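Accompanying notes for the structure given below.
What follows is calculated from the coordinates using simple rules that are stated; it is not laboratory data. Here the structure is a predicted model, which is why all the values come from computation and not from measurement. Note that each Cβ is placed from the backbone with ideal geometry, even for glycine, and that neighbours are counted across all protein chains shown.
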Amino acid sequence: MQGWWQAEISNEVIYFSPKEALMFFGELYTKNGVSLTQETRKKWQAARTEKLDISAALTIGTGAIQIIEFTDTDCPFCLRFNRWVTTKNDDYKHLHGKDLFTRKLILTPIDQLHPNAHKESVHILCQSSDKWEEETTKTLESKITYADMDDCQKGKDLLLQHREIAKGFGVSATPTLVIDGQIIQGFNQKKLADIINTKMNSLSENKAKVSEGNTRDLEKI
């Protein structure tokens, strides 16, 4: 549209006209029903996630689908997401003998809302890697007392790194999830399931192509 510009605010696309001094939020579609807004959103989000440094994140699982999680240990929606993703992974592991997800956990206490989340995060970050998943779940589920929580300089230093990652990425709410280059704010179960199903279908197709290619090679031999 001539004279109109688009920009990103809180992971959403907005449209504005400086000349008309107008701004609107919403979806733009082609006559064929394709969302131009969604295409723009995906492109911008993919560019942002490519630059995201998660080297300091806690790694849980070894699955083919990576989920980057910005989480607050006292956030009820983070708790719901943790239950959901754990169940999904456990079900897949029971059937296939391996993880579905690789979770990259970045602890992001929202101090104004949850003043105890800082202490809880430090406790998790004090643990060895084999206890990250267990202690994260115990803390989210409130199955550990504050008296039993660990406190260490390593955890405090690592939490500072996590906070810097979250700040640099513009995280303002938890959970904020990054999967397949897309950013999801909050626990949007349907959107997550759609992305995961699409990703699983893509992985299955790639596996089938590799298998077919190997078969052809054997035939040539």
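Scale the Cα Rg of segment 58-199 by the rule-of-thumb value 2.2 N^0.38 Å and send over the ratio, two decimals.
Numbers: Rg = 14.6 Å, N = 142, 2.2 N^0.38 = 14.5 Å.
Output field value: 1.01.
Please report how far the C-alpha centroid of segment 17-32 lies from that of segment 118-174, rounded to the nearest whole angstrom.
42
Could you give the dipole magnitude of segment 11-137 about its Cα centre, charging the beta-carbon of Lys and Arg +1 and that of Asp and Glu -1, in debye to the nearest 20?
Result for segment 11-137 is approximately 500 debye, rounded to the nearest 20.
Tell me the label-point distance for the pair Arg83, Met200, using the 7 Å Cα-to-Cβ offset, in nm and rounded to one decimal.
In this crude label model, Arg83 to Met200 measures out at 2.1 nm.
Taking the mean number of other Cβ atoms within 10 Å as a proxy for protection, how do you rank 28-37, 172-181, 83-92 from highest to lowest?
Numbers: 28-37: 11.0, 172-181: 19.9, 83-92: 15.6.
Put in order of decreasing packing, that is 172-181, 83-92, 28-37.
I'd like to know which of Thr108, Pro18, Ser55 lies farthest towards the positive end of the charge dipole of the chain, counting +1 on Cβ of Lys and Arg and -1 on Cβ of Asp and Glu.
Pro18
Among DSSP beta bridges whose residues both lie in the chain, state the antiparallel percentage, nearest 5.
Close to 75 percent.
Quick check on the chain: helices-only [θ] at 222 nm, where DSSP H runs of length 4 and up contribute -39,500 (n - 2.57) each and the sum goes over total residues. Nearest 500, please.
Details: 6 runs with 103 residues, N = 221.
Counting only the DSSP helices, I get -15500 deg cm²/dmol.
Mind putting a number on the dipole of segment 63-117 about its Cα centre? Charges go on the C-beta only, +1 for Lys and Arg and -1 for Asp and Glu, and I need it in Debye to the nearest 20.
Details: 7 positive and 7 negative charges, 54 e Å.
In total the dipole reaches around 260 debye.
Of Gly97, Ala7, Ala166, which is farthest towards the positive pole of the chain's charge dipole, taken about the Cα centre with +1 and -1 on the beta-carbons of Lys, Arg and Asp, Glu respectively?
Among Gly97, Ala7, Ala166, the one farthest towards the positive end of the dipole of the chain is Ala7.
Starting with the fewest neighbours, write out Glu133, Glu39 ranked by other beta-carbon atoms found within 10 Å of each beta-carbon. Display every interim value, and only then the final one.
Numbers: Glu133 20, Glu39 13.
Lowest to highest Cβ neighbour count: Glu39, Glu133.
If you place +1 on the Cβ of every Lys and Arg, -1 on the Cβ of every Asp and Glu, and leave all else neutral, what size is the dipole of segment 58-199 about its Cα centre, to the nearest 20 Debye?
Values: 18 positive and 20 negative charges, 84 e Å.
Taking the Cα centre of segment 58-199 as origin, the dipole is about 400 debye.
Can you give the FRET efficiency for Ile9 and Leu52, using 1/(1 + (r/R0)^6), R0 = 22 Å, r = Cβ-Cβ distance, to the nearest 0.05?
Computed FRET efficiency for Ile9 and Leu52 comes out at 0.70.
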